[in-house]
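Shown next, in structure tokens, is the structure this report addresses.
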Amino acid sequence: MIPRLSFALCWVMLSLALLFLFTPIVIVVAVSFTESAVFSFPPQGFSLKWYYSIRNADGLLASAWLSAQVAFISTLISLVLGTLCAIAVVRRMVPGGDVIATFMASPLMIPGLVLGIAFLQAARLVGLNDAYTTLLVAHVVLTMPFIMRTVLASLSMFDFSMVDAARMLGCSYPRALWRVLVPNILPGVMSGALFAFIASFDNYPISIFLVDVHTKTLPIQLLNQLEMSPDPTVAATSALLILATVLALIVCDRLVGLKRMTTI
Amino acid sequence: MTTIEMRTQAEAQPRRRFFQLDTPAIMVLPGIVFMVVAFAIPVLILVADSFRDAGGFSIGGYRKVLGDPYYIGIIWNSLQLGLITTIGSLLIGYPAAFALSRAPARLQVLLFALIFLPLTVSIIVKTFGLAIMMRRDGILNWLLLNVGFIDRPMRLVFTEFALYFGMINVFLPLMILPIYSVMRQLDPRLTDAAASLGAGPVTTFRRVTLPLTMPGVVAGISLVFSISVAAYVTPGLLIGDRFMTMSQVMAKAYLNIRDFNLGASMAVVMLVIAVTIVFTSTYFAEPASRRGRKG
């Protein structure tokens, strides 16, 4: 009796949890289609005008473009630096591999605001005034742990004798890595890169210290807009963001399989 | 065939030697140098800054942060925020993860995806949704009115209820997923065995299920606590200045009042809290047997 009851209770809890998790997301999407400028429930009317108003809203598109650039470039730099480092660590080419791996993944343990303040101080100290460069450097640090963890996990399942075999057959070492290793670990690496991209694209606590008037990332701009003039334009932007995330996840699921993606 | 072999041997020999000498350094150094310059040194500078003000060495920041009741109250607020969010997430997340791990295979994949999806949605977007939910004319008030719990809309936004409701909403998946990943590997026959040996359901849970899923619980607790104690966006939007946390003080110190010494000291205190959580959780995540041997 008790096991059955508690089991049922667990299911109730899971259903409630899902309902709880999805309500805010669904609400944002619903609000983006309303006609009125206030967010009331139940929503009134149906219109796409808030989607059209994104184009005219101050700086929303520009900041989205900036965020995409920063997220893409920083993820790419992390991918190159992190993968090379991870290969050397997994193959035990360097002493202290564990220490290196922990160090490269450690920014994830440090609160975002603390990192942001540290970057701000350091940039001031060396006289780095360019917000774009500072953001980029900071976001490489931010994305590195995601890359390191997934690449290390993928590499630990990779059989390095295949690289040796390729070299014995005449491939140079870099070429062997590119032709044999990269295709094998690509799925795991791609999922790591996706998380890194999302982490960078959504980041608020680090970026807030590094942006200036002309260089604002999307989360900063969104929050600004929310505090200044909250109208459903923000909801429409958010709905598009949700759509993009869902699409990215579906593509990743097709490429890698969501299960494998998240267990790594 | 033979020409290819000869060519590869002739070429591969010297090349291999060259790369074996230099490759490790070429591969490791760029990443490490970058992270030392862009990450380790800035954090060390921040720590050094916390011991310095305009006049040189000073522990004034710490005297303020750790001595002034106002700032101690703020540190306590942050810890309370982390604690309540963690406990709330655990109470919902543990049973939910259990049900998830016992779901039929195909449904499990779908449910898993549904728990995972909200994590990838921007925190600002979710918090925005939560704020709309809790407006006077929002869905929560509408629900409470229609069920009959209240007779007129309540003010929810900018209350502590809104804060914790929102925080648990945002961070719940981070509790469910680690617990689920451990629970999934738990052999259901173990609980059956315990039952057939005469253990009641409560004993089975306490002596078998709970200890075996403990690593997931520890991982979930440390993850949710360390992130929620430092949360900035969600508390800022849902309760604002009514509930000052260390994050708010740090952000204000740097962005508004420009008291860098105060901000740096607060940041170091938060850094210490974060690092403590990581070390404590790695200690507890090890199986008790191994821990005993080591100590």
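Being in a helix (DSSP H, G or I) and either open to solvent by less than 30 Å² (accessible area, probe 1.4 Å) or at positive phi (or both) narrows it down to one of A:77, A:87, so name that one. Show your work before the answer.
Details: A:77 fails: either open to solvent by less than 30 Å² (accessible area, probe 1.4 Å) or at positive phi (or both).
Result of the check over A:77, A:87: A:87.
Kindly establish whether residue A:95 is crowded, with 16+ Cβ neighbours inside 10 Å and either in contact with a helix residue (DSSP H, G or I) (Cβ under 8 Å, 6 or more places away or on another chain) or of a type outside the set (A, V, I, L, M, F, W, C) (or both).
Working: crowded, with 16+ Cβ neighbours inside 10 Å: no; either in contact with a helix residue (DSSP H, G or I) (Cβ under 8 Å, 6 or more places away or on another chain) or of a type outside the set (A, V, I, L, M, F, W, C) (or both): yes.
Here the answer is no, as residue A:95 does not meet what is asked.
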Could you check, for region A:254-262, whether at least one of its residues is at pLDDT 85 or above and in contact with a Gly (Cβ under 9 Å, 6 or more places away or on another chain)?
no
So if I check each of B:270, B:246, B:250, B:266, which one is free of Cβ contacts under 8 Å to residues at least 40 places away in the same chain and open to solvent by less than 10 Å² (accessible area, probe 1.4 Å)?
B:250
Can you find even one residue in region A:45-66 that is over 30 Å from residue B:23 (Cβ atoms), within 13 Å of another protein chain (Cβ to nearest Cβ), at pLDDT 90 or above and open to solvent by less than 20 Å² (accessible area, probe 1.4 Å)?
no
Would you confirm whether or not region A:228-235 contains a residue that is touching a residue at least 24 places away in the same chain (Cβ under 8 Å), under 24 Å from residue A:141 (Cβ atoms), buried (at least 19 other Cβ atoms within 10 Å of the Cβ) and of a type outside the set (A, V, I, L, M)?
no
All but one of (1) open to solvent by 70 Å² or more (accessible area, probe 1.4 Å); (2) at pLDDT 90 or above hold for residue B:5; which doesn't?
(2)
Here are B:234, B:276, B:191: which of them is at pLDDT 85 or above and more than 28 Å from residue B:121 (Cβ to Cβ)?
B:276
Within region A:145-188, track down each residue that is under 20 Å from residue A:106 (Cβ atoms), of a type in the set (A, V, I, L, M) and either away from chain B (no Cβ under 14 Å) or surrounded by 19 or more Cβ atoms within 10 Å (Cβ to Cβ) (or both).
A:147, A:148, A:151, A:152, A:155
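If we only count helices (runs of 4 or more DSSP H) wholly inside region B:65-176, which ones have 2 or more residues that are buried (at least 22 other Cβ atoms within 10 Å of the Cβ), touching a residue at least 24 places away in the same chain (Cβ under 8 Å) and over 17 Å from the mean Cα position of the chain (by Cα)?
Details: elements: B:69-101, B:105-120, B:123-133, B:139-147.
Output list reads B:69-101, B:123-133.
Tell me the residue from A:222, A:142 that is within 11 Å of chain B (Cβ to nearest Cβ), surrounded by 22 or more Cβ atoms within 10 Å (Cβ to Cβ) and within 18 Å of residue A:77 (Cβ to Cβ), please.
Working: A:222 fails: within 18 Å of residue A:77 (Cβ to Cβ).
Of A:222, A:142, the one residue that is within 11 Å of chain B (Cβ to nearest Cβ), surrounded by 22 or more Cβ atoms within 10 Å (Cβ to Cβ) and within 18 Å of residue A:77 (Cβ to Cβ) is A:142.
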Among the candidates B:105, B:96, residue that is in the same structural domain as residue B:178 (by TED's automatic domain parsing), at pLDDT 85 or above and not polar (S, T, N, Q)
B:96
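The values are calculated or read from the model by the stated rules, or taken from the named source; none is laboratory data. Predicted, not measured: the structure shown is a model, and the values here were computed from it. Note that each Cβ is placed from the backbone with ideal geometry, even for glycine, and that neighbours are counted across all protein chains shown. Each accessible area value is taken on the protein alone, full model and side chains, heavy atoms only, with ligands, DNA and RNA left out. Shrake-Rupley method; radii C 1.70, N 1.55, O 1.52, S 1.80 Å.
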